[in-house]
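The values are calculated or read from the model by the stated rules, or taken from the named source; none is laboratory data. Here the structure is a predicted model, which is why all the values come from computation and not from measurement. In this analysis, Cβ positions are derived from the backbone assuming ideal geometry, glycine residues included, and neighbour counts consider all displayed protein chains.
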Amino acid sequence: MQFFRSVAQALLDFNELNPIAPLQLLLEALNSKKSLPGEMLSLVLPNMACYLDCLPLETGVGPASITWSALLTQLEILFRHLVLLLSTLDDVEPLLRIMVSVLKVPGIFVFKVSF
């Protein structure tokens, strides 16, 4: 947890860097794969949840909200892939922690219904 706090704080210290960018790159890499490797997900999902817990809530406000929009799109794609793998996951708690962390960001909750 301390490592992820340090990384998030270091990225916040520089105006050119965005603490959301590492998640964006990770999600893009995962979503570009045809199939998600289950053994890797058991490590990636808890780390992603932990990193999201370490991000300050104000990260999603202002100009960074554009980045949050792109991140939410990538998260939606990942979750759609994960629906098919839920039975193979050992623990779904990281998925719930990711969802809760995203919903805590001020101004990010936009109700979207897609059919």
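Quick look at the values:
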| read-out | value |
| --- | --- |
| Residue match in region 13-23 (condition: part of a helix (DSSP H, G or I) and modelled with pLDDT of 85 or more) | yes |
| Flag for residue 102 being modelled with pLDDT of 85 or more, part of a helix (DSSP H, G or I) and either among the hydroxyl-bearing types (Ser, Thr, Tyr) or over 20 Å from residue 4 (Cα atoms) (or both) | no |
| Cβ pairs under 8 Å, 6+ apart, first in region 74-86 and in contact (Cβ under 8 Å) with a residue 40 or more places away in the chain and under 13 Å from residue 45 (Cα atoms), second of a type in the set (Val, Ile, Thr) and in a helix (DSSP H, G or I) | 75/98; 75/102 |
| Given (1) outside any helix (DSSP H, G or I); (2) modelled with pLDDT of 90 or more, number of the condition residue 90 does not satisfy | (2) |
